[in-house]
1. Please compute the modelled spin-label separation between Gln196 and Ala169, points set 7 Å along Cα→Cβ, answer in nm with one decimal.
2. Rank Val303, Gly280, Asn343 by how far each Cα sits towards the positive end of the charge dipole of the range 280-343 (+1 on Lys, Arg Cβ; -1 on Asp, Glu Cβ) and give me just the farthest.
3. Measuring from label point to label point, each 7 Å out along Cα→Cβ, what is the Trp530 to Asp150 span in nm?
4. What percent does the relative contact order of the range 15-149 come to when contacts are Cα pairs within less than 8 Å and at least six residues apart?
5. Any idea which of His214, Val228, Gly195 is furthest toward the positive side of the dipole for the range 177-276, if Lys and Arg beta-carbons carry +1 and Asp and Glu beta-carbons -1?
6. If Lys94, Lys502, Lys82, Lys496 are ordered by their accessible area, calculated over protein heavy atoms with a 1.4 Å probe, which sequence runs from highest to lowest?
7. In debye to the nearest 20, how big a dipole does the range 141-292 give about its Cα centre with +1 on each Lys and Arg Cβ and -1 on each Asp and Glu Cβ?
8. Report the full-extension gain for the segment Arg38 to Asp314: residue separation times 0.36 nm, less the Cα-Cα distance, to one decimal in nm.
Amino acid sequence: MPGGQSPFGFPDFYGAPLKAAVQDGRLPQSVVDGMAIRVVTAVVEAGLLGRPAAGAPDRDVRSAAHTDLARRIELEGAVLLKNDGVLPLAATAKTIAVIGEDAAGHVQTTEAYGGFVTREGIPVSTPLDALKARLTGASILYAPTPTGVDPLPAFEPPGGFRVDYFADADLAGTPAQTAQAATVDLAAPPPGLAGQPWSARWTARFTPPASGRHTFSLSGGGWAQLYVDRRLTAEVFKEQFRLVSQGVVELEAGRPVELRIDYRPASTIIGPKLQLGWSGPAEAEATTAAAAAAAKSADVALVFAGDAVSEGGDRTSLALPGDQDRLIAAVAAANPRTVVVLNTVGPVLMPWLGQVAGVVEAWYGGEQDGAAMAALLTGDEDFSGRLTATFPADESQGPGVTAAAFPGRDLAVTYDEGIDVGYRFYDSHGQAPLFPFGYGLSYTTFQLRRPSLRREAGGVIVGAEVANIGRRAGAEVAQLYLGFPPAAGEPPWQLKGFQRVKVAPGQAQAASFRLGPEAFQVYDPRLKAWCTPAGAFEIRIARDSRDPGAATPACG
């Protein structure tokens, strides 16, 4: 894997080329033997040797317990980021606008390639259906707006495209071949250049028929960049499979613009693939207007937005794909009681955060995403998920923001954050993120109090009381952070443990952590050993990485 028999049509990397490499001495046979032994060892240890699989590979073997587990994972993983009193959905909310294809048949439950949630023969719970089933006394208005992750209809400018093919991977020198094409629809290497490095460039002149926001889509594998009047508008960055990038640009009717697509196929394992799509401003304006109208006539508006990310490709932006940010802003302008539910693979920017009443990070929720979201949004279940990543305020924050770090220069990537990885970078550089690592809200209110610390043989026991001072049961995630002596050169705080604590209203439960000697050690590269720095350590139990929490006495 991948091989010539792959249903995805991967090129044959590990068949004949591998055999040839062994035969001519470029690859030792022992390396191949070691790889094979590790695979067979795993098969033996799993008890699969001599036990051929029975039944059809697509057989549905799920039980009720499996379904319940899928629902529970999403219930405990979704994070409530903002709530200005609009959630849980009140029983008096008689009309609810549900906006976005991500609420229905396009709900983003899984990444595109790798870990799959199949839809063939297995029902996937969608938020729209689940909300209708739960809120039988409410009127639900549905506005199916685009998600920004699908290819658009093929773009065919009146004069077509000039296509230049280059006999190298960097669009350098004089084109080896030139052709004309009605549209961008690449499915194979150009004639005469197969089996060697090549690249391609499409150029065209386009006169917009109408003023407004024009949307372009690039779909395919490899590295493709769309420029509109020399402005980078959409990019599929070194995609090994086949995903879509949409870009939106304001154009004026009757004013011609130059289009250019640069394409390099070397990074794809599915072979060269590329299509260009387009939609004019009328389509976007119509769907946005319909969504705003639905929101305006409702007590509450729920906007479901998301992305589509896969292994084998890099994100080129933290913004939501397509025109989803503008859609959310338009809906919030029509109804300030708007809640945004995000099905995203990780952090995204939120230029509309101050305009909406609520935000939920639902991640990729799996096959029970809809059932879980309905339970959380209506208050049948409480939010208890916490952020496993920092959400930056803008794309200048955090590590890896320079061109040397991403995408790198001259095939070299510079990692210069050192030990300041993740939330540690934000703390070390004094950056205020949009939402900090470990953050998450609840429908009830918690307090962390009565911190304690006691020594025992080989370490210390740290504890605190988690009190629920609200009116309903809930679960808090107590997080233990350790601050090293300044001379140690460590980040300001480091997470050393976390514990989910369920607490009834008016009650308190203890959270307890044990820190062994290794928790206080740092690696000294000069001594090539783990050492304990001299000085006082600070310990706090907090609700997130920026919460001052309940601090314990300093531990020397």
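1. Rounded to a tenth, the inter-label distance reads 1.6 nm.
2. Ranked along the dipole, the leading option is Val303.
3. Distance between the two pseudo-spin positions: 5.2 nm.
4. Working: 58 pairs, mean separation 34.1, N = 135.
Relative contact order for the range 15-149 comes out at 25 percent.
5. Comparing the listed Cα positions along the dipole, Gly195 ranks first.
6. Output order, biggest surface exposure first: Lys502, Lys94, Lys496, Lys82.
7. Values: 12 positive and 15 negative charges, 38 e Å.
Charge dipole of the range 141-292: 180 debye, to the nearest 20.
8. Values: separation 276, 0.36 × 276 = 99.36 nm, distance 2.95 nm.
Full extension from Arg38 to Asp314 adds 96.4 nm.
The values are calculated or read from the model by the stated rules, or taken from the named source; none is laboratory data. Bear in mind that the values here come from a model prediction, so they are computed numbers and not experimental data. When we count neighbours, we look across all protein chains shown, and the Cβ atoms used for this are built from the backbone with ideal geometry, even at glycine. Please note that ligands, DNA and RNA were not included when accessible areas were found on the heavy atoms of the full protein model with its side chains. Shrake-Rupley method; radii C 1.70, N 1.55, O 1.52, S 1.80 Å.
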